[in-house]
Every structure is written in structure tokens, then in C-alpha cells.
Amino acid sequence: MGKDLKGNPLPPGIMQRKSGIYRGRFYYKGETYTKDNADLKKLVQEMEDLRYEVKHGLKAVSYTHLRAHETRHDLVCRLLLEKKKNKITIVTL
């Protein structure tokens with residue numbers, strides 16, 4: 001358990017930087033989630049909300065993040081779909 005700059009105990013996963021800003025951090029499925037806030041009570045609530053969102057799949061992730069975790073099978077399927085989408089069809093009458 002960490003301590004703030006005055007020596008008071010902090011909740012698990014929260015530290016205080018030398019600037020006085022509190023930082024909350026947790027790990028879930030290999031990803032690191034971090035939030036900063038000058039108000040400790042607000043940070044604790046934000047961290048609880050973020051943990052819930054991440055655990056229940058409510059946290060939006062970027063397209064780049066999704067691509068970073070793409071499997072070989074996903075890549076083949078995506079490339080085949082892009083190829084099919086970009087295929088030019090010529091219709092003669």
C-alpha cells in the first residue's frame with residue numbers, strides 16, 4: 001500500500017507524484033490502464049468506473065489497438081474482405 005506526500009496511506013493501485021497529482025493504475029489482460037487527478041476521491045471513483053467498463057467490455061478501444069491484437073486468422077479474413085470490396089466488376093450489355 002502506497003503513501004501520499006504527507007505519509008498517509010493510499011488505496012491500492014494509487015500513488016501520489018511529487019507534483020501532488022494522484023495516479024491510479026491497474027492491469028487487465030495484459031493492458032495497463034492509468035488515470036491522473038488532483039482530487040483523490042474523484043480519482044478513486046474514476047478508477048472504479050474504469051475497472052467496471054474494462055471488465056465488462058464497455059470501454060471503447062481504438063482501431064489501431066484492435067489491429068495490434070489481430071490473429072493470423074483475423075488478418076486473412078480482413079484482407080479477403082478488403083480484396084472482395086475493392087474488386088471492380090465490369091458489366092457489359
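Quick notes
- Close Cβ contacts (under 6 Å, 6 or more residues apart or on different chains) running from residues in the range 1-24 that are closer than 22 Å to Leu50 by Cβ to residues that are among the acidic types (Asp, Glu) and surrounded by 10 or more Cβ atoms within 10 Å (Cβ to Cβ) comprise Leu10/Asp4; Gln16/Asp4; Ile21/Asp36; Arg23/Asp36.
- Candidate set: the range 5-58, residues that are among the small types (Gly, Ala, Ser) and out of contact with any helix residue (DSSP H, G or I) (no Cβ under 6 Å at 6 or more places or on another chain); chosen: the one modelled with the lowest pLDDT: Gly57
- Residue check, Lys83 in a helix (DSSP H, G or I), surrounded by fewer than 10 Cβ atoms within 10 Å (Cβ to Cβ) and modelled with pLDDT under 95: yes
The values are calculated or read from the model by the stated rules, or taken from the named source; none is laboratory data. Computed from a prediction, not measured in an experiment: that's the story for all the values here. Backbone-built Cβ (ideal geometry, glycine too); neighbour counts: all protein chains shown.
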